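Following: one structure in C-alpha cells, then a few remarks.
Values in this text are rule-based calculations from the coordinates and carry no lab data. What you see is a predicted model; the values in this text were computed from it and never measured. Note: ideal-geometry Cβ built from the backbone for every residue, glycine included; neighbour counts use all protein chains shown.
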Amino acid sequence: MYPNNDSYRWYLVDGEARQYLPRKENKIAEDLALKKYYQLKKNALLEKRENIMKRQCESYDDNEKLHKFLNNEGYIQLIGHLLSGDSFAEKSKSVWANEEYRNNPKYPEQLTNLGSSGNYLRSKSEVFIDMALTQHGVPFRYECELVIDNHVFYPDFTIFNPANGEIIYWEHFGMMDDEDYARNAFSKLKLFYNHGLIPGENLIMTFETKSKPFTYFDAEATLKQLKI
C-alpha cells in the first residue's frame, strides 16, 4: 500500500517481488485486507482470552497491531464500507473526522455565515446543510481539497457516510435562475462527472432560485433520501 494524493495504490507482494493492482482488480485488494483484518481481530481476541485466564487486565502485541490497522487511512478507504456493522466503521469515522485537511483558499472574505459546526460558510443555504449534517452527527468537511488526475476541486461538502464508510460529495447551486451561473454550474457538473463524481452514486446536488429558495427542510429531506 502506497499513498497517491488522497487515495492509495495497492500491490501484491511476494518476497521481493511486487505487482501493482489496478482499480479493476480492487476486489483482490479488498479480500486480502479483509483477511488481514479478521486475522488480526482473531489474534487479539485469542490473546485477550489467554490474558483473562492468566488474570491479567490487558493484552498487548496483537491488540496493538489491530489498533494500528484500524487507524490506517488506506485500509479505511479500501474496506471501511464492508465493515459498517463493525467497530471498524466507528473507528474509521472517528479517525476521518479528526484529520486535518486543506480547504479552499479562495475568497476568504466571503465566509461570513457561521454554521452550527463552527465553520464559516459562504451562504445561508450552506448554513442549512451544515446544520442538518451537524444535528444528525454526520462527519463532514467544508470545501475540502479534492485532487483527481492532477485536477483540484473544492466540493462544498465532503461527507463521511457513517452507514457504510463511503465518501459522498454535496454540491449546492444557489442561483440557477441566473443564466451565467447556471451555465457554469453545468460545466462544473460535467467536469465532476468526467472525473468520477457521479450523481446518485457519490455526488449529491441541490439547487435553488429566487422564487424557490433552499431551506433547512430541503437539507433534511435530502439526508432522509440518502438514509444517512
**Listed peptides 93-102, 107-116 by packing density, highest first (mean Cβ within 10 Å)** = 93-102, 107-116
**Asked** Of all trypsin sites (Lys or Arg not before Pro) in region 186-228, which ones are in loop regions per DSSP and have a Cβ with at most 14 other Cβ atoms within 10 Å?
**Response** 210, 227
**Request:** Kindly flag which residue pairs out of 188/210; 93/124; 24/227; 106/188; 124/188 have an alpha-carbon separation exceeding 23 Å in this structure.
**Result:** 93/124; 24/227
**Item:** Inverse of mean 1/r across different Cα pairs in region 108-226, Kirkwood, Å
**Value:** 14.8 Å
